[in-house]
Amino acid sequence: MKKTFLPFLFLFIMGSISAQRLNVEQGNIKNLKGITLYKVVFDYTDVNIPKFKDEAAFLKDKMDKREEKKAGDGERFKKEWFNDRPR
């Protein structure tokens, strides 16, 4: 039991330690003191999708594949693609 427990305990502790590292790219972490609320805004204006020229090409490809399988699924996919974005 000890032989299996100790390695798992070690991995858990090491994982916890590495999960606490913070990489500050700009500014100072001390500037966040006192901030209790912040707002995150996602900007989708220049979405890049790997292996596709742009978002429209991606949507056309995915919609065509879904339409081949079942009529109406392509348009449903496009609607869900935009509805999944936060407002």
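A compact table of results
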item	result
Residue-averaged [θ]222 nm for the chain, counting only DSSP H segments that reach four residues, each worth -39500 (n - 2.57)	-16500 deg cm²/dmol
Helix 2-19 axis, angle to the chain major axis (alpha carbon atoms, nearest 10°)	70
Listed residue (Y44, F58, T4) projecting farthest to the positive dipole end of the chain, Cβ model	T4
Count, lysine Cα pairs under 19 Å in the chain, 8 or more residues apart or across chains	21
Coarse-grained scattering of the range 1-69 at q = 0.27 Å⁻¹, given as base-10 log I(q)/I(0) from a Debye sum over alpha-carbon atoms	-1.17
Debye, to nearest 20: dipole size of the chain, +1 on Lys, Arg Cβ, -1 on Asp, Glu Cβ	500
Trypsin sites (Lys or Arg not before Pro) restricted to DSSP loop in the range 1-61 with at most 14 other C-beta within 10 Å	R21, K33, K39, K51, K53
At most 13 other Cβ within 10 Å, DSSP loop - chymotrypsin sites (Phe, Trp or Tyr not before Pro), the range 35-87	Y38, F42, Y44
The chain: angle of helix 55-69 to the longest principal axis, Cα-based, in degrees nearest 10	70
Residue exposure sequence - R66, R76 - by fewest surrounding Cβ within 10 Å	R76, R66
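The numbers here are math on the coordinates, done by the rules we state, and not lab data. The structure displayed is predicted, hence computed values, not measured ones. All Cβ positions, even for glycine, are placed from backbone atoms using ideal geometry, and neighbour counts span all protein chains on display.
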